[in-house]
Amino acid sequence: MTARVTRLTESDWRLFAAVRLRALTDSLGADDPQYRQESTFTAAQWRRRLRDHAQFAAMLNERPVGLIGAQQENAETVYLYSLWLDPAARGYGLARPLVAAAVDWARDRQARLVTLRVAVDNTVARGVYESLGFAPVAGNGANARDEVPMSLSVR
Ligand SMILES: CC(C)(COP(=O)(O)OP(=O)(O)OC[C@H]1O[C@@H](n2cnc3c(N)ncnc32)[C@H](O)[C@@H]1OP(=O)(O)O)[C@@H](O)C(=O)NCCC(=O)NCCS
């Protein structure tokens, strides 16, 4: 089993589209508005997303099995979103290096803080984030009851 994490470039847009749509159907279902919207994306829209945000893929035996997105919110803060691993690729310890790659990217960009949100009952994801040093922060967002905002200082 060969595992690695790679940052996707614009020329990887087909791979990105395929794994992103798999993630959305697995997590939300094919009737979800988000899936329905993204399933109509053109090549230009996938490419734009790869330009606007950094997207990292977990590769298992050279097959993409996981994703995480990283968005530079401002000079100091990078927001991580949409961590997902194919159900068949879970439990092999791939999540931590995937998140770590996004954190390294944020650090390389001179960010000071990496933030994310996780569902209160998602103990596996929380465990992954906590193992990398993320800690809950007091949040006052609309979803604060269902989601825990977490952050990690990288400077
Ligand atoms: C969250 C997710 C990416 C984690 O991936 P994973 O492959 O299961 O994670 P790992 O194999 O690295 O396991 C992480 C830890 O959780 C533990 N774990 C995994 N599955 C578990 C389970 N069902 N119950 C309890 N612990 C579990 C592992 O033992 C490991 O702990 P360790 O580091 O002490 O050994 C994956 O479950 C997923 O894609 N879930 C659906 C999408 C999601 O919830 N994304 C997060 C949004 S914030």
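Please treat every number below as a calculation from the coordinates, not as lab data. Given the structure is predicted, the values throughout are model-derived calculations rather than measurements. With ideal geometry, Cβ positions are generated from the backbone for all residues, glycine too; neighbour counts draw on all protein chains shown.
Tabulated data for the structure shown
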| read-out | value |
| --- | --- |
| Residue match in the range 32-45 (condition: assigned to a strand (DSSP E or B), surrounded by fewer than 16 Cβ atoms within 10 Å (Cβ to Cβ) and of a type in the set (Lys, Arg)) | no |
| Single residue of the range 105-121 satisfying the filter (in a strand (DSSP E or B) and in contact with a helix residue (DSSP H, G or I) (Cβ under 9 Å, 6 or more places away or on another chain)) that is farthest from the ligand (Cβ to nearest atom) | Leu113 |
| Candidate set from the range 83-104 (those that are more than 7 Å from the ligand (Cβ to nearest atom) and surrounded by fewer than 19 Cβ atoms within 10 Å (Cβ to Cβ)); member that is farthest from Pro64 (Cα to Cα) | Asp104 |
| Any pair with Cβ under 7 angstrom, 6 or more apart, that starts in the range 1-29 at a residue that is at negative phi and without any contact (Cβ under 8 Å) to a residue 40 or more places away in the chain and ends at one that is aliphatic (A, V, I, L, M) and surrounded by fewer than 16 Cβ atoms within 10 Å (Cβ to Cβ) | Trp13/Ala43 |
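Per-residue answers, yes or no, for (1) in contact with a strand residue (DSSP E or B) (Cβ under 6 Å, 6 or more places away or on another chain); (2) of a type in the set (Phe, Trp, Tyr):
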| residue | (1), (2) |
| --- | --- |
| Asp31 | no, no |
| Trp46 | no, yes |
| His53 | yes, no |
| Leu60 | yes, no |
| Glu73 | yes, no |
| Arg96 | no, no |
| Ala101 | yes, no |
| Ala106 | yes, no |
